[in-house]
1. Which ranges mark the strands (runs of 3 or more DSSP E) fully within region 113-159 that have 3 or more residues being buried (at least 24 other Cβ atoms within 10 Å of the Cβ)?
2. Using the structure shown, decide if residue 91 is under 21 Å from the mean Cα position of the chain (by Cα), modelled with pLDDT under 95 and within 20 Å of residue 151 (Cα to Cα).
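The values are calculated or read from the model by the stated rules, or taken from the named source; none is laboratory data. Computed from a prediction, not measured in an experiment: that's the story for all the values here. Here the Cβ is made from the backbone with ideal geometry for all residues, glycine too, and neighbour counts use every protein chain on show.
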């Protein structure tokens, strides 16, 4: 039953305002990736190069604005409408999520430990999530005033973690766990 409801919502979201005329428009399809070593964004199959060297890891569309998270020349980057904003001198931005006027990016950047640390950027302001451990934040999701991030931390080991408003919750022991994606069913939250 839930799957049918979700499909109906997605189908309605894909229709244009011409539905009253009996016509519907195909949805715009955005794909983030890389081509021949360059960070690229495909819109409806047409490729747009974002940087000469790097990769685009996540795309989010809000209104007429297109946000892409990724890496360019070794730096964590957020592109808004193809204009780059460097988030960290070294690192990768893996996920972008827009909620209202706030833009959240999850990734990794310079850290105390040799490899780098899990980071969350809100409107370009960096927050370290793992202290002195190595780690990566792979996904971000915002619901109301709450921000959820999935990733891992460790040194010689890795532990799957999610953070809610920067408060960590361990998902695995110190063996070999990593969390890559996160989603919160907002409508099902209890009061």
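1. Output list reads 117-122, 134-143, 146-154.
2. Spelling it out, residue 91 is indeed under 21 Å from the mean Cα position of the chain (by Cα), modelled with pLDDT under 95 and within 20 Å of residue 151 (Cα to Cα).
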